[in-house]
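Colleague: Below you will find the structure I want to go over with you.
What follows is calculated from the coordinates using simple rules that are stated; it is not laboratory data. Quick caveat: nothing in here was measured; it's all calculated off a predicted structure. Note that we place each Cβ from the backbone using ideal geometry, even for glycine, and neighbour counts take in every protein chain shown.
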Amino acid sequence: MKRRDFLTKTFGAGVLASGAISFGNFSNLKAAGASNHKAAYDMVAIRGGEPEVMFDRGIQSLGGMKSFVKPNQTVIVKPNIGWDRGPELAANTNPQLIGRIVEHCVKAGAKKVYVFDYTCDNWQKCYSNSGIEKAVKDAGGTMVPANTENFYQKTSQVGGRRLKEVKEHELILESDVFINVPVLKNHGGATLTMTMKNLMGIVWDRRFWHKNDLHQCIADFATYRKPDLNILDAYRVMKKNGPKGVSVEDVTTMKAQLISTDMVSIDAAGAKLFGLDPETIGYIKLAHEMNAGNMNLDELNINRIKI
C-alpha cells in the first residue's frame, strides 16, 4: 500500500477530533518563494478588514488560489493551534481566516485539504476551543491529528548548522501544496511567533530546538522546508505573555494580514508590524544570511491594500 493511500485511510477512519507598520514605506522588487508561481508582488500587506475579507483581497492580487492550488492536489494548511484558548486571546490563528483559506483551496479544485498542528495543550481541546475545527469542517476541509510519533518520518536536514535531521509529519511530505498560517504574537523564547517559528508544529522532536540554539534551529529549518504560501494573521495580536496568553488585556486588535511566498520577508514585515526592528530577531537575521529569503523590505514589491 502506498503511504499516501495509508494516510488517507488512516485519517478518514474516525481518528479525527470531535506598534503599527507603515504600509506606505515599502517600495519595490521581485522575490522568490518555494513554488514556481510568479506573482506581480513579493508580498501583500492588508489592513482594516475582517480576516476573511482581507484574505480575499490579498490572494486575488497574487492571482487567486488557483495560482497555488491545482485541481486534484492535496493541500496542507498549517495554522497555529497550539493552545487550549478561544480566539479572543490570539494564542491561535484566527478561525475565520483558516476557514476562508480552506474554502479557497476547495474552490480551486483541491482533492483534499488537511489541517493540523502538533499542539502543546490537549490536541482535541485545542482543535475545538480555538474554533478552527468547526471552521475547517464547515469549509470542506479535514482536521487530522499530530499527537503521536507514528505520524512522523525522519528526513535529512539539508544545510543546517545545528539541525541535521528532523522527524516531519508525513502529510507535509506527501502533500502537493503546503500553506503556512501562523498568528503574530509575543513568544518568550523566540521573541515573536511568525511563519518560520510556526514550522515547529510540523516536527516531532522540537525539544531539541529549544536546547540547541532555538533561533539557529528555526533558521536551519527555514532553509529546508519552504511552504508554497505563507499568510501571517495579525487581526488580533498578543503583545505580551506569549505564547499561551493570559488575558484579553494582552491583546490588541490590529486588523492586519501579510501574504508572501518568502518566510524571511514576511517575518521581517511582521516584526515591524509588531513594533520591533527585524534586526533584533535572531532567526530572521540568520535565515537571511543563510539565503532562506530576503529580510530587506525596501527591496520588495509590496502591494498595500487598505479596506
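Colleague: May I have the convex hull volume per residue, in Å³, for the Cα set of the stretch 26-306?
Modeller: 108
Colleague: Also, quick follow-up: Order of 217-229, 285-297, 90-102, 257-269 by packing, highest average Cβ count within 10 Å first?
Modeller: 257-269, 90-102, 217-229, 285-297
Colleague: Please name which of ALA108, VAL183, LEU97 has its Cα lying farthest along the dipole of the chain towards the positive end, using unit charges on Cβ (Lys, Arg +1; Asp, Glu -1) and the Cα centre as origin.
Modeller: Selected residue: ALA108.
Colleague: Where does the charge balance sit around ALA135 when Lys and Arg score +1, Asp and Glu -1, over other residues with C-beta under 11 Å from its C-beta?
Modeller: Cβ neighbours under 11 Å give a net charge of -1.
Colleague: How much net charge surrounds GLY242 when only the other residues with a Cβ under 9 Å from the Cβ of GLY242 are counted, with Lys and Arg +1 and Asp and Glu -1?
Modeller: Result for the local shell: +3.
Colleague: Net charge around LYS167, counting only other residues with Cβ within less than 13 Å of its Cβ (Lys, Arg = +1; Asp, Glu = -1)?
Modeller: Every neighbour counted, the sum reads 0.
Colleague: Restricted to Cα positions, what overall size does the stretch 69-187 have along the principal axes? Three whole-Å values, descending.
Modeller: Taking the Cα atoms of the stretch 69-187, the three principal extents are 38, 36, 25 Å.
Colleague: Work out the length of the dipole vector of the stretch 26-306 about its Cα centre, built from +1 on the beta-carbon of each Lys and Arg and -1 on the beta-carbon of each Asp and Glu, and round it to the nearest 20 debye.
Modeller: In total the dipole reaches around 160 debye.
Colleague: Sort out for me the Cα centre separation of the stretch 214-244 from the stretch 51-66, rounded to whole Å.
Modeller: 21
Colleague: How many nm is it between the label spots at GLU50 and ASP138, if each spot is 7 Å from the Cα in line with the beta carbon?
Modeller: 1.0
Colleague: Explain nothing, just the number: dipole magnitude of the stretch 222-283 about its Cα centre with +1 on each Lys and Arg Cβ and -1 on each Asp and Glu Cβ, in debye rounded to the nearest 20.
Modeller: 160
Colleague: Where the centroid of each part is defined by its Cα atoms, how far is the stretch 132-211 from the stretch 77-91 in Å?
Modeller: 14
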